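Provided herewith is a single structure, encoded as structure tokens, for subsequent inquiry.
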2 protein chains.
Amino acid sequence: MNPVPITNIKKQLEKITEYWSPRVVATVNNQYVKVAKLKGQFVWHKHENEDELFMVVYGRLQIELENDDVIVLEEGEFCVIPKNTMHNPIADEECGIVLIEPVSTLHTGDVNSPLTKTIEEQLRD
Amino acid sequence: MNPVPITNIKKQLEKITEYWSPRVVATVNNQYVKVAKLKGQFVWHKHENEDELFMVVYGRLQIELENDDVIVLEEGEFCVIPKNTMHNPIADEECGIVLIEPVSTLHTGDVNSPLTKTIEEQLRD
């Protein structure tokens, strides 16, 4: 058995059947690497102590920030939302992303929403 | 000024003029996100306390491991070399990669090589 598994990001994304439902695909230094498919609007939230990296694999992701700032990530682009920064991801069309965040992070941050997935749900096969 | 900078991975890779010379492009939870161009052979090394993520953006990266194991990463694939694991990256042709490793990590690990770049060199513009 290979001691170091290889993760194909697009193949992992193909397994996802539900929007806003991240799936853990690897761990690096106590950070989870997750993939997710997004479409529509999420919820405004922040993570008090944790930065969150969003990388777009396909499609386009808007992230609304406080003060009416908006950033737009295209394929092959990423950003890091600093800890304690309110943000609201929006995808007009489906997009596939990679997320990096600490093992401790709840993806809806300080907000408990119907969209909130437990870490057990994110660790599913 | 936008409070959350956007990083275009391919554009960052285009700025790189030297092989085996990573460039820090972002920080997330005390981890550096780096880009690098690789060609040829690096040095066998390990990182005692730190995992290291390798993601291939273009080209192909081989990583030799102990016990004659070899993994091959193609475009859009990544792996995490666990802490304390001897490894030796090889690129027969040029490849462009993203690395994620703790701020404390020296890219040649426990080996001081002519290829070793200081963190100041990796933080260059």
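The values are calculated or read from the model by the stated rules, or taken from the named source; none is laboratory data. Remember, it's a predicted structure, so these values are computed and weren't measured experimentally. Cβ sites come from the backbone with ideal geometry, for glycine too, and all protein chains shown count toward neighbours. Note: areas computed on protein heavy atoms with side chains; ligands, DNA, RNA excluded. Shrake-Rupley method; radii C 1.70, N 1.55, O 1.52, S 1.80 Å.
Taking region A:34-54 as the search range and keeping residues that are touching a Leu at 6+ places or on another chain (Cβ under 8 Å), part of a strand (DSSP E or B) and more than 7 Å from chain B (Cβ to nearest Cβ), which one is most open to solvent (accessible area, probe 1.4 Å)?
A:K37
Which residue is nearest to B:V70 (Cα to Cα), if the candidates are limited to region A:14-24 and must be in contact (Cβ under 8 Å) with a residue 12 or more places away in the chain and more than 12 Å from the chain's Cα centre (by Cα)?
The selected residue is A:I16.
Moving to a separate point now. Tell me which residues, restricted to region A:7-21, are over 14 Å from B:G76 (Cα atoms), surrounded by 14 or more Cβ atoms within 10 Å (Cβ to Cβ) and in contact with an Asp or Glu (Cβ under 9 Å, 6 or more places away or on another chain).
Passing the criteria: A:Y19, A:S21.
Residues that are closer than 24 Å to A:I100 by Cα and facing chain A (nearest Cβ under 10 Å): does region B:57-68 have at least one?
So far as region B:57-68 goes, yes, one or more of its residues are closer than 24 Å to A:I100 by Cα and facing chain A (nearest Cβ under 10 Å).
On to the next question. On the given criteria, is A:A26 at pLDDT 95 or above and within 11 Å of another protein chain (Cβ to nearest Cβ)?
So A:A26 passes the test.
Next up: Exactly one condition in (1) part of a strand (DSSP E or B); (2) exposed (fewer than 14 other Cβ atoms within 10 Å of the Cβ); (3) in contact (Cβ under 8 Å) with a residue 40 or more places away in the chain is false for B:V57; which is it?
Here B:V57 meets the rest and fails (2).
Still on this structure, I have one more. If a residue has to be exposed (fewer than 14 other Cβ atoms within 10 Å of the Cβ), of a type outside the set (V, I, T) and touching a residue at least 24 places away in the same chain (Cβ under 8 Å) to count, how many in region A:100-120 make the cut?
Number satisfying all stated conditions: 2.
Okay, moving on. Among the residues of region A:70-98, count how many are within 10 Å of another protein chain (Cβ to nearest Cβ) and either not in a strand (DSSP E or B) or not charged (D, E, K, R) (or both).
16
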